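Read the structure below first, then the notes.
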Amino acid sequence: MDLAAFFTLLAVGLVVVAIIMTTLWLLGLRFRNFSYVDIGWSANFAVLAILYASLTEGWLPRRWLIAAMFTFWGARLAAHLATRILGEPEEGRYVRLREEWGQKGNLNAKFLAFFLFQGGLNVFLILPLLLACLNPAPGFHALEIAGVVVWVLGLAGESLADRQLAAFKRNPENRGKVCNTGLWRYSRHPNYFFEWTIWIGYALFALASPFGWIALATPLLMLHFLVNVTGVKATEEQALRSRGDAYRAYQATTSAFIPLPPRKPGAMR
C-alpha cells in the first residue's frame, strides 16, 4: 500500500469534513438547531466515498463498488434524517446537551468541537473504503463478496425497521404509544442493530486488502457508539422521559439490541 497516498488522503478528508461540519454548525447557530450534525455526519460518508474513489488508483471495479455502498447508505440515511430534522424543533438529546453545556459556559464552542469530532469520526470510520480503494489487485476476493452480502442484509433490515417505525408514527391512534410491531417486536432498536451489520459488511470487504485488519476497529467503534453513546443509550433516556411506564414495560419484554423472541413479563433479562 502507498502509505504517502494513504496519509495524504486522510488529511484531505479531514479538511473536507471540517469545512462541511463548520458550515452546519453555523447553520445550527442561525436556526438554534444543532440536530443538523446528524445530517452532516451521514452525508459526509457519501462525500468522502466519492472523493476517495476518484483520487485513488486501486482496481477500478473494487473502489467504485465500495464507494457506491458507502454513498448509497450515507445519502439514504442523510435524506431520512433530513425529513425528521429540517423544519422541526431541535431534537431532545441536543436540547439536553444545550442545557447541560450551557450551565458551564462556552456552549457554542463546545458544539463546534462536537461537530468537528463527528467529522473526525467520519474520516476514521471510512477507513475500510480507503484501504480497499488503494488495493491494486484485480478481481474480487471471497471476503469482498461476503462483505457485500452482509451489507445488503444490513441495509434491508435497517430500511425495513425505519419504514415500520415511520408507518407506526403516521397513525394518529399510536400517539404516545411505543412501537412494538414488526422488527420492533424483537428489538427495541432494530435500526441500530442492522446499521451495525452494515459496518460488519464494510470491514469484511476491507479484509481482502493490504492492512485490511485495521478496518476491524470500525464495527467495534460503531458498536460502542450505537449502544453506549448516541444510539441506544440516548434514545432510551429520551423514550423514558416521553413515554414513562409504557416504555419501561417495553424494556421488560424486548431485547435492547440483537433481535430476539420477546420475553414474558417478569422473565430474566
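Read the figures in this text as sums done on the coordinates, not as results from a lab. The shown structure was predicted, so the numbers you read here are calculated from the model rather than taken from an experiment. Positions of Cβ are generated from backbone atoms using ideal geometry, with glycine treated the same way; all protein chains shown enter the neighbour counts.
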Take VAL95, VAL229 and order them by how many other Cβ atoms sit within 10 Å, fewest up front.
VAL229, VAL95
Sequence ranges 86-92, 41-47, ranked by mean other-Cβ count within 10 angstrom, highest first:
41-47, 86-92
Rounded to the nearest 10, the angle in degrees between the Cα long axis of helix 107-125 and the longest principal axis of the Cα atoms of the chain comes to 50 degrees
Hey, which lysines would be in cross-link range of LYS104, C-alpha to C-alpha under 29 Å, not counting anything within fewer than 8 residues on its own chain?
LYS233
What is the calculated FRET efficiency for ASN174 to LEU27, with r their C-beta to C-beta distance and R₀ = 30 Å, to the nearest 0.05?
0.40
Report, in cubic angstrom per residue, the convex hull volume of the C-alpha atoms of the stretch 127-269.
118 Å³
For the pair LEU240 and ALA109, what calculated FRET efficiency results from E = 1/(1 + (r/R0)^6), where r is the Cβ-Cβ distance and R0 = 22 Å, to the nearest 0.05?
0.15
Crossing angle, helix 232-243 versus the chain [Cα axis fit, 0-90 degrees, rounded to tens]
20 degrees
Which one of LEU51, GLY231, PRO172 has its Cα pushed farthest toward the positive end of the charge dipole of the chain, where Lys and Arg give +1 and Asp and Glu give -1 at the Cβ?
PRO172
Taking N as the number of residues in the stretch 72-118, what is its Cα Rg relative to 2.2 N^0.38 Å?
1.38
Compute the angle between helix 60-85 and the longest alpha-carbon principal axis of the chain, please, reported from 0 to 90 degrees and rounded to the nearest 10.
30 degrees
Quick one: divide the alpha-carbon radius of gyration of the stretch 1-137 by 2.2 N^0.38 Å and tell me what you get.
1.16
Translational diffusion of the chain, µm² s⁻¹ [Kirkwood Rh, Cα pairs; Stokes-Einstein; 25 °C; 0.890 mPa s]
124 µm²/s
Which part of the stretch 196-236 falls in the paramagnetic zone of LEU153, meaning amide N under 12 Å from the point 7 Å along Cα-to-beta-carbon?
197-198, 200-201
Connecting every pair of Cα atoms under 10 Å apart in the chain and solving the GNM, the largest mean-square fluctuation among ASN171, ASN228, ASN33 falls on ASN171
